[in-house]
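We did not get these values from a lab; they are worked out from the coordinates using the rules stated. Everything numeric in this text was worked out from a predicted model, so none of it was measured. Here the Cβ positions follow ideal geometry from the backbone for every residue, glycine too, while neighbour counts run over all protein chains shown.
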Amino acid sequence: MVIQSLSPSEIYFIQQGVENNLRNDGRTRLDYRPFELDIGEISHAVGSSRIILADTHILVGIKADISAPDPLTPNKGSLTFSVDCCPSASPEYEGKGADYINIELAKQLERVMKDSNSMDLGGLCIMPGKYCWNLYIDAIVLDSGGNLFDALSIGVRAALANTRLPTIRITQGEYSTVDFEVSDDPEAMQSLDIDGVPINVTLTTIGNQFVVDCSGEEEQCMDARMTIGVNKRGNICGIQKGGVAGIDAHTINQMILAAKQVGSEILKTMDNVLKDHHIATK
Amino acid sequence: MEAFQKVHPLEFYKKFLERSVRPDGRGLDCFRKINISTGSIMTTDGSSFVKIGNTSVIAGVKAEVALTPTQSDNSISSNNNNNNNKMFVNVEMGPICSNIFSSSKPSEKAMSLCSQLNSLVNRLEINDKELYFDDQGKYSWYLYIDLYCLDYNGNLMDACVLAIMSALKNVKLPKGIVVESSASEAPQLFKDTEQPMRSLNIGTYLIPQTFVLLNDYLLTDPSLEEEKLSSGTISITFNDRFEICTLLYTGITSISEKILEQCLEKTKKRSTEIINLIDNCCTTINNSNNNNNI
Amino acid sequence: MKIDFRVTNPIATSIPLDYKIYKQQQEQQKQNEQQQTISVPVTTTSEPIKKRTNRSEEQFRQIFMKTGVVSQASGSAYIEIENTKVICSVHGPRASPKTELFESAKFSCELKFASFARPGERIDYMESAKEKDLSINLRQSIIGAIRLEKYPKTVIDVYVMVLNDDGGVLVAAITAASMALADAGVEMYDMVSACSSICIRNQSISNGSNGSGSGNGSSGAAPKVQSSILLDPTLQEEESKDSLGCVVVAKMPSLNEITQIIQTGELSYNNTIDGIDLCIDGCDKIYSIMKQNLISSLEKQVSKKLE
């Protein structure tokens, strides 16, 4: 959906609404928009998901292969993130326009999921020091309706819940070489433990207040944005501030607290739904 | 007066050159003050910082190890054979030193300087044995010398040569230990940090000098404006036995043999001063981290 | 077509590792003969964090700053935070080669590591993802402070080169860039100062559970791990395996506004807030050092002109 640029009166209208805890679509400041998740639609990927958060439409696919692990972390597998914003999402993403935002989105996902060591990558290890799984997580943004950071992280988490890797059996070959065998049985799959996988919660300041999950129009009135990664244990897994304006320290404390609350609610709801539909095994 | 300099730069310079002086107060044969300091970068095996007037260059040497290439029977002497290079020089002239360079594509000046310095560094007469990692010489040290220009105000060649010389004199190599593992795995290489480190024994000194021809006047150690106005540049490097290591002339006019002889004489006269400069900077063991010369 | 001549590694070379650490590891392996130990290459990150000797946990290192170091740039600054050395030069505001009309200046930042800046492997000449990420963070930290609308149709470029990395690279880059912009005379609302802190895991006292993560583990009553916050970490402290997370804060002290906050690693809410508060105090102190340096270099320039 193409978002028209807003006139100063419209911006003022949105700002006044936010002050009075009533946003354009009727939500309060800390309300999240309802989102839909479609899981496992891409059959060739080991895990996939599609998230529709109001107008934001993102497709996430995961592929896996086996290689030697990073020598500094011989017990862990690896994750590689890439994000591609299609020109269909917004005319400014045409050609090289999307390079900057692609790097920012991918880097924030990497910071929250990989650098925080919150997710247990030990489950991806096949043989310490010799073989491990590498997951390549690719996300395509098909339509942008605001709040790409959050939608991407929720989509990635759902895709990871859906990931099924074939079971590996370690065999002893000749001359004491250890080899592995990939099981042919389509039923014998292992899934990943997504307990530790965090999600992003983005808060944007509009005027003197901050809101959660801003829509496309609200993004145009924003002064500054903070993307905070929250995991199930209630810990903060990564913070990145964006936007041109500054924020004062007191507001930052409040924002992190709000992010923690909103984040844990979303994670709880998401996990319940995934368990009900037998997607996550825990 | 500044307007005159901008509109008629050549005329502006002529007025000074007629009285055998340059706008910054130097004589035609005078060079700018040179400052060399070494050992400021802790993550390198040897480093130096050279400042000629305003032109600054920082050099860092990193040493890595690989198998010594075996000499085949038909190989020519190592002076001409580039396959036995153990030192690699790279020059970066980024946008940080001047706004005429861009960050994406490497400038042509940097490329040509790099190839000149790569051939020059092999004239330093460093014995192969100096660069042996272990005692038998099965493995050797390979030195990567990276030069970064931090301020470009003319005469980069001299600054780079002095930087390479002082950085190499500052290099400290540890003793190497080779641990043979089981037959299938490669032997592991370690450096012994408990033994004292050794310096490189460099056979000779390199004495660089750059001249520039401006309106039939021969100027030593050009600044940036002089380089831009010049019609030719002569770059000479001697070793300490006064053998020519590099002699390069580029320009739009041709020069006579007499001018070339003048340049060679002037460079020879300066040799003792440069040798003293390099020796002085390297004997003072620089333990302090403050690089106050910048 | 211009070919990139820069030689990355013409010969496959490697860096020898430290023999002392290898010997220690061999001895440890002999002790744990039954356990299946995996050979981890001995690097600095496998050593535990050394206790700070010359400064307290809440003190930052000695800072040296100087402006006006690059004669060819509009403004420049050089900063040394003990061993971390960073130089920054600003070109602009200068006319843009593109002829399109834009009402405020275009601002771009670029950060580059010298290939010998980090211990260990040489850094490649091509721009890596890490450098790109740091450039983006640097740009977002300072752009809020510059009055871009005062310079229409111009381009302001900031180039930062890291000569030696010993922790706190982003902090040094932000501080150097602010000083360089001030030296260039670009109009700003305020200078931006930055500070960083890390949260480290102390050896926990109860149950000898050295391996437990922070917060609650999967077994109900896991003991809480002692953690402490260190200001201005060195490279060894940042990359050690005991470090739980790192916080970098950049702020404009006179306006009391935070222009950038980046947190990595998994930290509890309290640790995050403590880290941010410590950084904010650090930023104010660094700001006063920046102001002093700027005034003294201006005095030197004026006295030189009067001579």
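For the pair residue B:262 and residue B:104, a Förster radius of 45 Å applied to the C-beta separation gives a FRET efficiency near 0.65, rounded to the nearest 0.05. Along the axis of the charge dipole computed for the protein assembly as shown (Cβ charges of +1 for Lys and Arg, -1 for Asp and Glu, origin at the Cα centre), the listed residues A:142, C:267, C:235 are led at the positive end by C:235. Taking the fewest neighbouring Cβ atoms within 10 Å as the starting point, the ordered list for B:242, A:210 is B:242, A:210. Helix A:249-276 axis versus longest C-alpha principal axis of chain A: approximately 50°, rounded to the nearest ten. Across all Cα atoms of the protein assembly as shown, the radius of gyration (one decimal) and Dmax (whole number) stand at 30.2, 94 Å. Restricting the trypsin sites (Lys or Arg not before Pro) of the range B:173-241 to loop positions (DSSP other than H, G, I, E, B) with no more than 12 neighbouring Cβ atoms within 10 Å leaves B:241.
Measuring how big the range A:9-276 is from its alpha-carbon positions, Rg and Dmax come out at 20.2, 78 Å. What number, in percent, do you get for the relative contact order of the range A:9-276 if the mean sequence gap of Cα pairs under 8 Å and at least 6 apart is divided by its residue count? That works out to 20 percent. Peptide B:90-98 shows a mean partner chain C-beta count of 6 within 10 Å per residue C-beta.
Cross-link partners of residue A:114 among aspartates and glutamates, defined as those whose alpha carbon lies under 12 angstrom from its own and excluding same-chain residues fewer than eight positions apart: C:266.
The trypsin sites (Lys or Arg not before Pro) of the range C:127-190 meeting both criteria, a DSSP state outside H, G, I, E and B (loop) and at most 15 other C-beta atoms within 10 angstrom of the site's C-beta, are C:147.
Which percent, nearest 5, of DSSP beta bridges in the range C:47-160 are antiparallel? So the antiparallel bridges amount to about 75 percent of the total. What pairs from C:85/C:130; B:86/B:266; B:175/C:23; B:129/B:191; B:175/C:85 go past 22 Å between their alpha carbons? Over 22 Å apart, Cα to Cα: B:86/B:266; B:175/C:85. Taking 19 Å as the straight-line reach from the Cα of residue C:304, the lysines in range (excluding those fewer than 8 positions away in the same chain) are B:33, C:66.
Straight-line cross-link partners of residue A:268 among the lysines, defined as a Cα under 19 Å from its Cα and at least 8 positions apart when in the same chain: A:232, A:260, A:282. In plain terms, the chain from residue C:98 to residue C:127 could stretch by 8.0 nm, reckoned as 0.36 nm per residue minus the Cα-Cα distance.
In this structure, the residue pairs whose Cα-Cα separation is over 30 Å, taken from B:228/C:150; B:51/C:291; A:241/C:291, are B:228/C:150. Net charge dipole, the protein assembly as shown: roughly 2160 debye, given to the nearest 20, about the Cα centre with Cβ charges of +1 for Lys and Arg and -1 for Asp and Glu.
Residues C:238, A:19, B:257 in ascending order of nearby Cβ atoms (within 10 Å, fewest first): B:257, A:19, C:238.
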